[in-house]
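Asks: One structure coming up, written as structure tokens, with questions to follow.
Taken together, the values in this text are just the output of simple stated rules run on the coordinates, not laboratory data. Remember, predicted model here, so these are calculated numbers, not experimental data. As a convention, Cβ positions derive from the backbone with ideal geometry for all residues, glycine included, and neighbour counts pool all protein chains shown.
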Amino acid sequence: MKEDPLVYTVKELCRTCYTCVRGCPAKAIRICQGQAEIIEDRCIGCANCTLMCSRSAKKIKDSSSKVLEILKSGKNAAVCLAPSFPVEFCSIDPLRLAGMLKKAGFSFVNEVSFGADIVSLQYRKLIRENPGKKYISSACPAVVSYIEKYHPSLVKNIAPIVSPMAATAKIMKKLYGKETEIIFAGPCVSKKREAEKYAVDISGVITFGELREIFSQLNITPENSVDSFFDPPYPAKGVLYPMGRGLLTASELEEDLMSGKFMSAEGLDEFTEALKNFEKGDIKADFLDLLCCDGCVMGPGIKSEKSRYAREEILRSYARNKYFNMKIGEWEDYIKLFRDMDYSAFFKSEKTEKDAPAQEEIKKVLEKMGKINRQDELNCGACGYPSCREHAAAIIKGLAESEMCLPYAIDKLKLTAQELRESYNQLTSAKQALLQSEKLASMGQLAAGIAHELNNPLGVVLLYSKLAAEEAGPENPISKDLNTITEQAERCKKIVSGLLNFARKNKPMFKKTDLSLLFENYFKVFKYSQNVKIEFNKKGEVFAEIDQDQITQVISNLVANAFEAMPNGGAIKTEVYSQGKFAFFSVSDTGCGIKEENLKKIFEPFFTTKQIGKGTGLGLAVTYGIIKAHGGSIMVESNADPSKGPTGTKFTVKIPLERDKNKDGSAWEKNAAAVKEKI
């Protein structure tokens, strides 16, 4: 049965800030789809991620329920307290703490510090009997696990000696019997894994935080408990193990700067760097004492809010009191009794790290994140990795994602924002086009009805007015009035004809046509005054599938409007060109321009700025409908304010060079309906 993970993530609390990645010496945290998850095979159990996570999204495997079951079973149970217990329970007298533990159901309460004394003797013996051989201390299980997984070549250098916890368990088994359940309480989370792998004499491992939880569940407080003595054997200098260089001091292997024979390093960055240099041969020391945390006094299982220096001072005070009040003869008797037991240990390689990715692979990943040159590698550490290249290597190994890179994520966000703006603009244009289409459809239905109703009466009026004029003769005074009736009826007929053109949904007759030729033919018959200059520019032959008559009507409407916008003369410029899959033609003038407030209305039926009797307001509405029926678009640019520059108007028409064979002349209506559904 697979064991529960030692440390795990509560996904609901995780906000993927990458702080845990940054603080993990083994980089055992994978970011997958924006979620941080711990890789059990890579984890060394230091639990530093639990200290760094401000949202408490990282949790430690709880063992308190298992210990409570042992206590409730009535079995003989002994608890061995890690040397750092005075730091966690500094507000409780040690004798009262021992009383609380015995009230909880523990038959024996011992200090692991004596086991540390025994282990110190083993270290001295090992070094004395193996001169010149290089060793790494085995007291810290997180360091041992790190070596097994990430520096397998150094496994042979780990001192083959059990930890103080395992040594204490052996001693307690001998003292109290093999059936005694041994519980370890300390600041170290990695001890839980050590107990499962190597320390067979340990029945359970709890942190000091879990011990407090047990006290709470059993309603045990210092006030409702009585003092009690710790059970022997009592320690000497082994109390110093939780501090940096404590093992060397307890083993009387003092650091000597001149010889450099014994060295120590503690802390996540320090111990990993020391191992790298030890493996390369840069460290010449015979013995290397390493602690994963900044000393066990800073272990993740301690809930104290005090600083590292305050914790060390508390431990020193307790160590001095213990050492100067110890009974040396009694301590020596216990040492003699237990020193010859078997405290050997065996460690094996558990290599999990794959070979480093090739530089070419790393380069490709960096380029995908926009890091083309060395200058682009900011090494800001926001991703949790110390350098961009290490981040890229982690991506190749499946441990990280490109989005963890803050500069890359910002660039991607900017690009997404730009795409959203473009989509929004397109949606706005489509919405405006839909509204315009709905207006045109409504007006078209109204216009068709009006045109048909007026057409017959107008025909009768025209017929009888002309007959009456012919009968009256040109000399008759009434002839002038009859001619006026005829002229106005003709004007009404023209308006009705415009209404019919606007309302009629004629299916375009598409034919491959040269747009330039249409302009040239139109200008041959177009009559204009001498004070208007016409310039026609074409960029080669531009053939498009269009309805010649309808597009000629568009050209006529646009040119006529440009001409009428320049009563005092000016210039009309027309252009025809192609770009990609589209043909373009434009008509611009140097006239008075269109006021900004009127630009949104110019394609509406019957809207006109001309004097009464000078225009119907249907020309641009008809033009708009023709262009849309061709699957194209029309854009207008205009300036009516001389203070902003030259006045004038420019209409640009865009139509496909080839029509979509799957669409007919009503394509615009279909597209408009689809857009309307989305809106």
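Asks: Counting other Cβ atoms within 10 Å, keep those with at most 10, restrict to DSSP loop, and tell me which GluC sites (Glu not before Pro) in the stretch 153-248 are left.
Replies: Values: sites: 179, 181, 194, 196, 210, 213, 223; in loops: 179, 223.
For GluC sites (Glu not before Pro) across the stretch 153-248 that sit outside H, G, I, E and B with at most 10 neighbouring Cβ atoms in 10 Å, the list reads 179, 223.
Asks: Counting only helical runs of four or more DSSP H residues, what would the 222 nm mean residue ellipticity of the chain come to if each run contributes -39,500 (n - 2.57) and the total is spread over all its residues?
Replies: On the way: 22 runs with 302 residues, N = 679.
About -14500 deg cm²/dmol.
Asks: While we're here: Using the alpha-carbon atoms, what tilt in degrees (0 to 90, nearest 10) does helix 406-472 show relative to the longest principal axis of the chain?
Replies: Between helix and principal axis, roughly 20 degrees.
Asks: Helix 667-678 sits at what angle to the longest principal axis of the chain, using alpha carbons and giving 0 to 90 degrees rounded to 10?
Replies: Approximately 40 degrees, to the nearest 10.
Asks: Let me ask something additional. With a sphere of radius 11 Å drawn around the Cβ of residue 306, what net charge do the other residues whose Cβ falls strictly inside it have (Lys, Arg +1; Asp, Glu -1)? Kindly include the intermediate steps, with their values, before the conclusion.
Replies: Working: positive: 303, 308, 311; negative: 88, 305, 312, 313.
So the environment of residue 306 carries a net charge of -1.
Asks: What does the charge count around residue 294 come to, taking other residues whose C-beta lies under 9 Å from its C-beta (Lys +1, Arg +1, Asp -1, Glu -1)?
Replies: Numbers: positive: 308; negative: 266, 270.
Value of the local net charge: -1.
Asks: I would also like to ask the following. Can you bin the chain into rounded, prolate or oblate? Criterion: square roots of the alpha carbon gyration tensor eigenvalues sorted a ≥ b ≥ c, rounded for a/c under 1.5, prolate for a/b above b/c, oblate for the rest.
Replies: It comes out prolate by the Cα gyration axes.
Asks: Which listed residue (335, 395, 95) has the Cα farthest towards the positive end of the charge dipole for the chain, taking +1 on Lys and Arg C-beta and -1 on Asp and Glu C-beta about the Cα centre?
Replies: Among 335, 395, 95, the one farthest towards the positive end of the dipole of the chain is 395.
Asks: Would you please classify the overall shape of the stretch 1-159 from the alpha carbon gyration tensor, given that a ≥ b ≥ c denote the square roots of the eigenvalues, rounded means a/c under 1.5, and beyond that prolate means a/b larger than b/c while oblate covers the rest? Walk me through the numbers on the way to the answer.
Replies: On the way: a/c = 2.12, a/b = 1.11, b/c = 1.90.
Cα axes put the stretch 1-159 in the oblate bin.
Asks: Once a ≥ b ≥ c are taken as the square roots of the eigenvalues of the Cα gyration tensor of the stretch 62-338, is the result rounded (a/c under 1.5), prolate (a/b larger than b/c) or oblate (a/b not larger than b/c)?
Replies: Prolate shape, in that a/c is at least 1.5 and a/b is the bigger ratio.
Asks: In nm, to one decimal, how far is the residue 598 label point from the residue 229 one, both placed 7 Å along Cα→Cβ?
Replies: For residue 598 paired with residue 229, the spin-label model returns 11.0 nm.
Asks: Going by how many other Cβ atoms sit within 10 Å of their own, how do 62, 547, 41, 589 line up, fewest first?
Replies: On the way: 62 14, 547 20, 41 9, 589 25.
With the fewest neighbours first, 62, 547, 41, 589 line up as 41, 62, 547, 589.
Asks: A further question on this structure: Give the dimensionless ratio obtained when the Cα radius of gyration of the stretch 99-193 is divided by 2.2 N^0.38 Å.
Replies: Values: Rg = 15.7 Å, N = 95, 2.2 N^0.38 = 12.4 Å.
Normalised Rg, Cα atoms only: 1.26.
Asks: Considering the stretch 1-61, what Rg and Dmax in Å follow from its alpha-carbon atoms?
Replies: In Å, with Rg to one decimal and Dmax whole: 10.5, 33.
Asks: Enter the angle in degrees (range 0 to 90, nearest 10) between the Cα long axis of helix 515-525 and the first principal axis of the Cα atoms of the chain, meaning the one along which they spread out most.
Replies: Approximately 30 degrees, to the nearest 10.
Asks: Would you mind checking which residues have amide H under 5 Å from residue 189's amide H? H placed 1.01 Å from N; only 5 or more apart, or other chain.
Replies: Hits under the 5 Å cutoff: 301.
Asks: Search the structure for amide H atoms under 5 Å from the amide H of residue 77, placed 1.01 Å from N in the peptide plane, and list their residues when 5 or more places away or on another chain.
Replies: 107, 108, 181
Asks: Taking amide H positions as placed 1.01 Å from N in the peptide plane, with prolines and chain starts having none, which residues 5 or more places from residue 136, or on another chain, fall under 5 Å of its amide H?
Replies: Amide H to amide H, under 5 Å and 5 or more residues apart or across chains, residue 136 pairs with 158, 159, 288.
Asks: What number comes out for the charge environment of residue 111, summing +1 per Lys or Arg and -1 per Asp or Glu over other residues with Cβ under 12 Å away?
Replies: On the way: positive: 322; negative: 117, 231.
Neighbourhood net charge equals -1.
Asks: Here's another thing I want to ask about it. With only Lys, Arg, Asp and Glu charged, each at its Cβ (+1 for the first two, -1 for the last two), find how big the charge dipole of the chain is about the Cα centre; round to the nearest 20 debye. Each step should come with its number before you reach the end.
Replies: Details: 96 positive and 87 negative charges, 127 e Å.
Computed about the Cα centre, the dipole is about 620 debye.
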